[in-house]
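Let me begin by presenting the structure, written as structure tokens, before commenting on it.
Derivation of every value follows stated rules applied to the coordinates shown; laboratory data play no part. For clarity, every value in this text was computed on a predicted model and none was experimentally measured.
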Amino acid sequence: MSKDQTNENIARWKITAGVAIALLIVGILYYSLESGLMVSKVSVPGMVELEFTERTGLGSVTKPEQASEPALRTNQAQLEQKLAELEQRLAERDTGSGPPFDAGTIDLPPPASVPALYGQWASPQGLSYVIQQQGTYLTIQELNPWLGVTAVGEGTISGNLVNISYSTAAGTIGQARLQISPDARQMWGESRDLTTGIVVSMQMRS
């Protein structure tokens with residue numbers, strides 16, 4: 001076999017292997033969406049190593065592919081508008097003692113007897129959250145690193161529990177109930193999508 005033939009065979013093998021890997025990845029993504037799992041790691045060296053994690057979060061309990069790309073962006077714009085309305089409602093809850101609540105900042109601390117949850121939060125799966133708080137009332141925004149805004153909502157704090165009602169970028173609504181750690185640095189619990197009936201676990205840390 002000549003050197004040119006050898007190089008041609010190697011090139012064909014690389015193309016075939018590339019197509020096979022691409023098809024495998026597509027299959028993996030489809031499986032993850034249908035099974036309720038998220039792919040947290042895909043590596044090729046030993047010819048593919050996979051790690052799956054349970055799908056968590058508010059907006060991630062439904063399938064983003066249910067909406068087309070334009071529809072998803074429209075829903076996200078509506079979520080941004082809804083968040084602004086929720087933050088305005090939150091600002092109106094200000095009792096008037098001290099500076100008024102500013103929805104553009106997260107520097108105003110709530111009363112000492114109420115856990116301070118305002119600020120940036122993150123889940124082990126890579127989702128991030130922004131919480132605004134006024135006393136026992138709060139708003140929450142969920143951000144997916146690939147999709148952008150996936151959910152917004154509002155909630156109330158009762159002791160060491162948070163109850164949240166939310167809307168998602170997939171056009172669904174849901175409720176979440178989270179427990180607050182003693183140091184108010186962690187929260188965990190479940191979220192239920194009332195449109196699909198899907199229930200998933202949630203965990204986040206500030």
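Annotations for the structure displayed:
- Cα gyration tensor shape of segment 140-186, rounded if a/c is under 1.5, else prolate or oblate by comparing a/b with b/c: oblate
- Kirkwood's formula applied to the C-alpha pairs of segment 112-169 gives a hydrodynamic radius of 11.9 angstrom.
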